[in-house]
Amino acid sequence: MVDHSFADLSLAALYDSLNPWGPGDDFYLGLVRRAGDVLDVGCGTGQLLRRARAEGHRGRLMGLDPAAAMLVQARAARPDVEWVLGDTRVRRWGAEFDLVVMTGHAFQALVGDEEIRCCLRAVREALRPGGRFVFEVRNPAARAWERWTPDRAYETVAADGTPVRVTHEVLDGGPRDGRVRFTETYDSDRWPAPRVSRGVLRFLDPGSLAGFLAAAGLAVVAQYGDWDGRPPAPAAPEIITVATPAPLSTRIRRRARLRPLGPV
């Protein structure tokens, strides 16, 4: 299900101003510059691929997102990028990309085990041999949700000059089964009532994350704790992961370990 803030055209138009370009975007842009064909899963308004194309990237750029309102923004800005509505289940993938990314903590919107498995299998199928899958999740040990409080407001101005205030509030007192439920409220003195979106994000510890990747045939080749390249640490804000398709022999050995015994 797509969050209301991403499905509403007027709210989607505020996304870029509420999420300005930052160190994480620079990190991913550097990867895209060096890659040939790139798939951005959960691309949102497509800031990353739009910037890459504007800088002269000549390869195939595909942005995939389930929120039509977000892709309206993307297509209006760069019609020369391939924008696709949906998630990784919209098609069969056939080793088409040198790089697959999930930016903006989009991976955490996969809240169910099967959602994660399905997405990672599709990523594995989409990557060429030697390709890279790069994504980030918030480190659960850093407890970022404790800062998502109504007193920390974000302010922006809509295209028509309307000032908009955005606040967040965590529900249920914090994580339950690794999932944080929260509200995102958009409000303006010029509106008759606030617009409220409810969301859920999943926080995965490093061990669980590694297990999902390995089961999908992806091997971790590097991890960082922040965008400056520092190593993972208990208090680091991020778990930034670089993975590649695992060698076939490794996948065969893993399947053999998991295969149930026959009758004896």
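In the stretch 168-198, the residue that is farthest from the chain's Cα centre (by Cα) out of those that are modelled with pLDDT of 95 or more, open to solvent by less than 20 Å² (accessible area, probe 1.4 Å) and farther than 30 Å from ALA219 by Cβ is SER188. Scanning the stretch 51-68 for residues that are surrounded by 21 or more Cβ atoms within 10 Å (Cβ to Cβ) and farther than 22 Å from VAL137 by Cβ returns ALA52, LEU61. Regarding ARG75, is this residue over 25 Å from THR183 (Cα atoms) and over 18 Å from the mean Cα position of the chain (by Cα)? Yes. Inside the stretch 133-156, residues that are open to solvent by 90 Å² or more (accessible area, probe 1.4 Å) and in contact (Cβ under 8 Å) with a residue 60 or more places away in the chain make up a count of 1.
When you scan the stretch 252-264, do you find a residue that is β-branched (Val, Ile, Thr), more than 21 Å from GLU125 (Cα to Cα), open to solvent by 80 Å² or more (accessible area, probe 1.4 Å) and at pLDDT below 95, even just one? Looking through the stretch 252-264, at least one residue is β-branched (Val, Ile, Thr), more than 21 Å from GLU125 (Cα to Cα), open to solvent by 80 Å² or more (accessible area, probe 1.4 Å) and at pLDDT below 95.
Checking the conditions here, which among ALA243, ALA215 is over 19 Å from ARG138 (Cα atoms), out of contact with any Pro (no Cβ under 8 Å at 6 or more places or on another chain) and modelled with pLDDT of 95 or more?
Answer to the check: ALA215.
Applying the criterion of at least 3 residues that are in contact (Cβ under 8 Å) with a residue 12 or more places away in the chain, among the small types (Gly, Ala, Ser) and within 25 Å of THR185 (Cα to Cα) to the helices (runs of 4 or more DSSP H) found wholly in the stretch 1-84 leaves 68-77.
Beta carbons closer than 8 Å, at least 6 apart along the sequence or on distinct chains, pair a first residue in the stretch 196-208 that is among the β-branched types (Val, Ile, Thr) with a second that is in a strand (DSSP E or B) for VAL196/THR183; VAL196/GLU184; VAL196/THR185; VAL196/TYR186; VAL200/ARG179; VAL200/VAL180; VAL200/ARG181; VAL200/PHE182. Among residues of the stretch 201-219 being out of contact with any helix residue (DSSP H, G or I) (no Cβ under 8 Å at 6 or more places or on another chain) and surrounded by fewer than 16 Cβ atoms within 10 Å (Cβ to Cβ), the one that is farthest from ARG124 (Cα to Cα) is GLY207.
Condition check: in contact with a Cys (Cβ under 8 Å, 6 or more places away or on another chain) and surrounded by 22 or more Cβ atoms within 10 Å (Cβ to Cβ). Does ALA74 satisfy that? Here the answer is yes, as ALA74 does meet what is asked.
Look at LEU85 and say whether it is at pLDDT 95 or above, open to solvent by less than 30 Å² (accessible area, probe 1.4 Å) and among the hydrophobic types (A, V, I, L, M, F, W, C). Judged against the criteria, LEU85 is not a match.
The values are calculated or read from the model by the stated rules, or taken from the named source; none is laboratory data. These figures come from a predicted structure and were not determined experimentally. Backbone-built Cβ (ideal geometry, glycine too); neighbour counts: all protein chains shown. The accessibility values were calculated without ligands, DNA or RNA, using every heavy atom of the protein model including side chains. Shrake-Rupley method; radii C 1.70, N 1.55, O 1.52, S 1.80 Å.
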